[in-house]
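Written below as structure tokens is the structure these notes are about.
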Amino acid sequence: MAQKTENKLDFGSKWEYAAAPESADHASIMDEYGLYINGKFVKAEGGKKFASINPSNDQHIAYFAEASDNDVDKAVKAARKAYKEVWSVMPAKERAKYIFRIARLIQERAREFAVLESMDGGKPIRESRDIDIPLAANHFFYYAGWADKLEYAFPGKKIEPVGVAGQIIPWNFPLLMAAWKLAPALACGNTVVLKPAETTPLTAMKLAELIHDSGLPAGVVNVVTGAGATGAAIVNHPDVDKIAFTGSTGVGKIIQKAIAGTHKKATLELGGKAANIIFDDAPIDQAVEGIINGIFFNQGHVCCAGSRLFVQENVKDEVLRKLIDRMGSLIVGDPLDKNTDVGAINSKEQLNTINKYLKIGQEEGAEIYQPKCSLPNKGNWCPPTLFCETSQSHRIVQEEIFGPVLTVQTFRTVDEVIDKANNTPFGLSAGVWTDKGSKIFNLTTKLRAGVVWANTYNKFDPTSPFGGYKESGFGREGGLHGLLPYVNLV
Ligand code: ADP
């Protein structure tokens, strides 16, 4: 007879998750990728190339072509020809069919894209699988729907496309940002030259392959890889009609100067330093989840990250205790492991920037807390970090760190927290946690932020506009508002 064992659960000792890595076998990566110009994959002039590295283990992923000014010129010429001869004159409902097809192909290849996104960028597979890739497909679906209904978006107006759009995207949401940029541009009848960031070009080139498979006419979408110089060549090209840029405020300023006095339209989605505000009447457990999601989602490489926590003074102890507990349960490690909560820092340069701020914060007198976690030996890693005892004048409170670093301040009154929350050069997003609808409406009208989340954080939807005030940039992406930068209304 089998021996009877006591079936009691032991909640006292730490539970460990077994590793659950997503297989990368089904994802094909070529040794070398070219530029996608005029419907063809071509080498860069002079064969110049650069490597993309897996930030979680320092392994080489592939080489990518470094586009020169001449390569960019070829891409712009191809886009102009496709604009004049094909895309702008095609019936809108035909354009929509191509955009729908791209959306469906992304869904079909979602698993492969998710794996590649996590390998190239370091983000947890759970995020790329459940957020980045489905949202990218949804953006194409959403704007495909608008393509033949623009007269309802802008009633009574004569609607024309803008022409050739130069689109420059960052490394934190590589495929998603490509979708945010491409989908509305194509829906409105524009053609595009797109440049992904130099540390994450893989899914953009995979997207170029997918777009090629979709049968999109040659030259409608061109993808050029390279670093800042390639981006600058797009910005300065005289035959580009619109620049759409997402990236740092520093580069946003350079771009705005470069296009001043030209005919180019622009949208700039830049940095942020969002306030996440917890009132004493908030559901504290949910708020703590919201704080965690707000700052540690995608390692804090999120322009709208809730990086400044404001807690009402009388619940500070409870919030901090629960927050520290929850931080201790976050799993930091292999981005391809389905249990991972916090992945790798995207590049050595970004890790250096974050470490610089960790040092500055301590020198400024803030109290640092990091949970004990064993970090992999190779790759770029930063544990989730909390800075207590901070004030408005601290650099870690004022400047964007773009990493898993949260500063904590307290407040007593509504007016005080509004003043403090608005007291930064940025104005992209904010979060408010309270039981009272009236407080939410009061704050949403007074916070100078493009997006204000109430009792949630980092929620994205293609139907909802996103964009900033002040040094966070201008123009909106997503929703009906996201069509506006891609049309001329007469
Ligand atoms: P981050 O600080 O997040 O790395 P950047 O603003 O440097 O962001 O980069 C965002 C994108 O802008 C990348 O695709 C990058 O190659 C591009 N870029 C960098 N410098 C320039 C520039 N001077 N002109 C145009 N694009 C640029």
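Distance between the pseudo-spin-label points of K149 and K356 (7 Å out from Cα toward the beta carbon): 4.7 nm.
Beta bridges per DSSP, both residues in the chain: antiparallel share near 30 percent.
Of the chain, which part is the longest with no GluC sites (Glu not before Pro) in a loop (DSSP not H, G, I, E, B) and with at most 10 other C-beta atoms within 10 angstrom? Answer - 17-490. Among the trypsin sites (Lys or Arg not before Pro) in the stretch 151-218, those located in a DSSP loop and surrounded by at most 13 other Cβ atoms within 10 Å of their own Cβ are K157, K158.
By a straight-distance test (C-alpha under 19 Å), which lysines pair with K470 as possible cross-link partners, with residues fewer than eight away in the same chain excluded? Leaving aside lysines fewer than 8 places away in the same chain, those within reach of K470 are K253, K257, K265, K273, K420, K446.
Neighbours of E400 by Cβ distance under 15 Å: Lys/Arg scored +1, Asp/Glu scored -1, total +2. Tell me the net charge near L483. Cut-off is 14 Å between Cβ atoms, L483 excluded, with +1 for each Lys or Arg and -1 for each Asp or Glu. Surrounding charge for L483 is +3. For the stretch 275-454, the antiparallel share of DSSP beta bridges with both residues in that region comes to about 10%. Think of the stretch 334-405 as a dipole: +1 on every Lys or Arg Cβ, -1 on every Asp or Glu Cβ, centred on the Cα centre; then among S374, F402, T353, S374 lies furthest on the positive end. Estimated from the Cβ-Cβ distance and a Förster radius of 41 angstrom, the FRET efficiency linking A454 and F41 is about 0.35.
Subtracting the Cα-Cα distance of S23 and L330 from 0.36 nm times their residue separation leaves 108.3 nm of extension gain.
Compute the longest continuous run of the chain that contains no exposed chymotrypsin sites (Phe, Trp or Tyr not before Pro); treat a site as exposed when its DSSP state is not H, G, I, E or B and it has at most 12 other Cβ atoms within 10 Å. Each step should come with its number before you reach the end.
Working: sites that count: F11, W15, Y17.
Longest stretch, sites excluded: 18-490.
Estimate the FRET efficiency between D317 and E289 by the formula 1/(1 + (r/R0)^6), using the beta-carbon distance for r and 25 Å for R0, to the nearest 0.05. After rounding, the FRET efficiency stands at 0.85. Fully extending the segment from E32 to R412 would add 131.1 nm, taking 0.36 nm per residue of separation and subtracting the current Cα-Cα distance. Could you please report the charge total around E45, scoring K, R as +1 and D, E as -1 over all other residues with beta-carbon less than 11 angstrom from its beta-carbon? Value of the local net charge: -1.
Determine the distance separating the Cα centre of the stretch 169-240 from the Cα centre of the stretch 71-115; give it in Å without decimals. Their Cα centres are 10 Å away from one another.
Each value in this text was obtained by applying a stated rule to the coordinates, not by laboratory testing. No experiment lies behind these values; they were computed from the predicted model shown. We place every Cβ from the backbone using ideal geometry, glycine too, and count neighbours over all the protein chains shown.
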